Amino acid sequence: MALYSEKVMDHFRNPRNVGVIENADGVGEVGNAKCGDIMKMYLKIENDIIEDVKFETFGCGSAIASSSMATELIKGRPVSEAAALTNKAVAEALDGLPDYKMHCSVLAEEAIQSALENYYERHPEKKKDKEV
């Protein structure tokens with residue numbers, strides 16, 4: 001049995017949405033001290049929709065694949081759906097990750113959450129809209 005699925009290998013070899021968004025509406029950066037992986041997520045949000053998302057990841061193939069898949073799962077979606085994205089959904093979309101690499105999908109979830117928190121810090125009026 002292969003250690004990684006074809007989807008993991010595809011997103012590692014051909015990552016989607018790599019890069020930086022200048023003047024992003026939200027930026028989040030997270031890391032895992034144990035493995036050394038670092039993810040940075042950039043969001044461009046218009047009318048409560050994630051119009052664009054980019055990432056920079058320093059890490060292993062699973063971290064890159066998880067970042068890539070996470071961006072694909074939230075691009076073009078409402079902010080509320082991005083906020084609800086779980087690491088399990090990222091791993092399932094990749095057709096699974098080895099147990100000892102699940103922390104990579106957790107980092108992807110945390111990077112999105114961090115970028116959304118930054119978005120709400122920059123745009124507190126948007127947070128109020130959500131609390132009604």
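Some notes on this structure:
- Of the residues 50, 45, 64, 38, the single one that is among the hydrophobic types (A, V, I, L, M, F, W, C) and closer than 18 Å to residue 3 by Cβ is 64.
- Set 2, 24: member being at pLDDT below 95 and part of a loop (DSSP other than H, G, I, E, B): 2
- Tally, over the stretch 55-87, of residues that are exposed (fewer than 15 other Cβ atoms within 10 Å of the Cβ) and aromatic (Phe, Trp, Tyr): 1
- When the residues of the stretch 11-21 are filtered to those that are in contact (Cβ under 8 Å) with a residue 12 or more places away in the chain and outside any loop (DSSP other than H, G, I, E, B), the one that is surrounded by the fewest Cβ atoms within 10 Å (Cβ to Cβ) is 18.
- In the stretch 76-132, of all residues being part of a loop (DSSP other than H, G, I, E, B) and acidic (Asp, Glu), the one that is nearest to the chain's Cα centre (by Cα) corresponds to 95.
- Some residue of the stretch 33-54 being assigned to a strand (DSSP E or B), surrounded by fewer than 19 Cβ atoms within 10 Å (Cβ to Cβ), touching a residue at least 60 places away in the same chain (Cβ under 8 Å) and in contact with a Leu (Cβ under 9 Å, 6 or more places away or on another chain): no
The values are calculated or read from the model by the stated rules, or taken from the named source; none is laboratory data. Source: prediction; values computed, not measured. FYI the Cβ positions are ideal-geometry reconstructions off the backbone, even for glycines, and counts take in every protein chain you see.
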